[in-house]
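Trainee: Let me give you the structure first, and then I'll get to my questions.
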Amino acid sequence: MRTYSGKVFRIEEHINRLFKSAHSIFIELPITKKEIRKAIYSTIKLN
């Protein structure tokens with residue numbers, strides 16, 4: 001994912017695609033979209 005000034009470019013599209021892909025192969029992700037977004041930004045902050 002590309003980041004610009006600490007913001008992920010098109011983060012919602014990335015997260016939605018992840019959930020759609022998981023759903024298409026019958027995987028239920030044990031995390032919410034909000035939790036994923038929070039984890040992404042926590043990782044960016046640490047780097």
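Trainee: Among the numbered criteria (1) out of contact with any Gly (no Cβ under 9 Å at 6 or more places or on another chain); (2) β-branched (Val, Ile, Thr); (3) touching a residue at least 24 places away in the same chain (Cβ under 8 Å), which one does Ile44 miss?
Mentor: With respect to (1) out of contact with any Gly (no Cβ under 9 Å at 6 or more places or on another chain); (2) β-branched (Val, Ile, Thr); (3) touching a residue at least 24 places away in the same chain (Cβ under 8 Å), Ile44 is out only on (1).
Trainee: A further question on this structure: Select from the stretch 9-33 the residues that are of a type outside the set (Lys, Arg) and in contact with a helix residue (DSSP H, G or I) (Cβ under 6 Å, 6 or more places away or on another chain) and write down the one among them that is nearest to Ile44 (Cα to Cα).
Mentor: Ile15
Trainee: If we keep just the residues of the stretch 1-17 that are among the charged types (D, E, K, R) and not in a helix (DSSP H, G or I), which is modelled with the highest pLDDT?
Mentor: Arg10
Trainee: Does the stretch 18-36 contain any residue that is surrounded by fewer than 10 Cβ atoms within 10 Å (Cβ to Cβ), at pLDDT 95 or above and at positive phi?
Mentor: yes
Trainee: Condition first: in a helix (DSSP H, G or I), without any contact (Cβ under 8 Å) to a residue 24 or more places away in the chain and within 9 Å of the chain's Cα centre (by Cα). Can you find one or more residues in the stretch 22-34 that meet it?
Mentor: Yes; the residues of the stretch 22-34 include at least one that is in a helix (DSSP H, G or I), without any contact (Cβ under 8 Å) to a residue 24 or more places away in the chain and within 9 Å of the chain's Cα centre (by Cα).
The values are calculated or read from the model by the stated rules, or taken from the named source; none is laboratory data. Remember, predicted model here, so these are calculated numbers, not experimental data. Cβ coordinates were reconstructed from backbone atoms using ideal geometry, including for glycine residues, and neighbour counts include every protein chain displayed.
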